[in-house]
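Following: one structure in structure tokens, then a few remarks.
Quick note: the coordinates plus some simple rules give every number you see, no bench work behind them. Quantities reported herein were computed from a predicted structural model and do not represent experimental measurements. Note: ideal-geometry Cβ built from the backbone for every residue, glycine included; neighbour counts use all protein chains shown.
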Amino acid sequence: MLKLGLIGKGISRSQSARLHVLLGRMCGFDVTYDYLDSEKIADFDLIDQLTACANAGYAGVNVTHPYKTEARKMITPRKRLANALGAVNTVVFRDDGWRGDNTDYVGFMRGYRGKFGDQAPGMVLQMGAGGVGLAAAFGLHGLGADRILIHDKDADRGKTLVATLKDGGANAAFVGEADLSDAIRTADGLVNCTPVGMNQYPGSPFEARLLGGQKWVFDAVYTPVETAFVHSARKAGILVMTGFELFFFQGIEAFEVFSGTQIDGDAARIEYFNAYPEALTG
């Protein structure tokens, strides 16, 4: 039995359970995956909940919004994480202590390499500086991006991410509204880490008329998979990485950390789409 869970707020729509149960079945594990929603737990406290999970025999838990930053402050990170990356989304309970990881970060890089191979990111414009934006931006740095331009409607949040990236050794800058169109046109890659494009937030963060000269795009949104942004990019002849890749590979990375096994990503993808064909379209 491999006991896992997800800690977060308003997580009833998460698809993590079905992915982890499927991965467990592939590896011969009987997996349980519980949703530990702070909205449904009286007097919720993160450290208390983590302690309760450890005491109840959980192998580990995923941590999502809004607790990733808080988790990073109280848990020792694994060595593969950049020191400046101030968020944890995976916690493993071991006899010698708890360890934190950010599988959004490593999952983004794994997804990028799977779609684009050794193609360097080049100069990248990223929209959104929240939790996913933090992981994606550090992933871009890990992939060797020449320059990372950040835009966020909350300028202070965007500038904070830029400062964090610089602390981690990245070549980064904030782009304001006045310079945004030019930055979009001249970028090698475009990244959407905003909610725009989700079923409840329709639209695209990038105007279709500005697309065409870029080499690749990534949209973190995966419900639906084929967002307006993805559709416009494909129409413009640009290589695309959808949000499903991040969801899928961060989940695989987390399961590998929890279980100590290695997952064949291609085989897991076939199994997942056979079990959940609706995931192809979101």
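Details
- Counting other Cβ atoms within 10 Å as a rough exposure proxy, the listed residues CYS27, CYS53, CYS193 run CYS27, CYS53, CYS193 from fewest neighbours to most.
- For the pair MET123 and ALA236 in one chain, pulling the backbone fully straight at 0.36 nm per residue adds 38.8 nm over the alpha carbon distance.
- Normalised by the number of residues in region 163-282, the mean separation of alpha-carbon contacts (under 8 Å, six or more apart) gives a relative contact order of 19 percent.
- Per-residue Karplus couplings for region 153-162, computed as 6.51 cos²θ - 1.76 cosθ + 1.60 with θ equal to phi - 60°, are listed in order as 4, 8, 4, 4, 5, x, 5, 5, 5, 4 Hz, Gly and Pro entered as x.
- Over region 185-264, the ratio between the Cα radius of gyration and 2.2 N^0.38 Å evaluates to 1.24.
- Rounded FRET efficiency, nearest 0.05, which uses the C-beta distance separating THR51 from ASP167 and R0 of 30 Å: 0.45
- Residue order for ILE148, ILE238, ILE47, fewest other beta carbons within 10 angstrom first, comes to ILE47, ILE238, ILE148.
- Fraction of antiparallel bridges per DSSP, the chain only, in percent to nearest 5: 20 percent
- Links that overshoot a 26 Å alpha carbon limit, given the list LYS40/LYS159; LYS68/LYS166; LYS9/LYS166: LYS40/LYS159; LYS9/LYS166
- Rounded to the nearest 20 debye, the dipole magnitude of the chain is 360 debye, with +1 charges on Lys and Arg beta carbons, -1 on Asp and Glu beta carbons, and the Cα centre as origin.
- Relative contact order for region 53-195, counting Cα pairs under 8 Å that sit 6 or more residues apart, in percent: 22 percent
- Excluding same-chain neighbours fewer than eight residues apart, the aspartates and glutamates reachable from LYS153 by a Cα-Cα span under 20 Å are GLU177, ASP179, ASP182, GLU207, ASP219.
- Sorting ASP118, ASP179 by the number of Cβ atoms found within 10 Å of their own Cβ, with the fewest placed first, yields ASP118, ASP179.
- Contact order normalised by residue count of the chain, Cα under 8 Å, 6+ apart, percent: 16 percent
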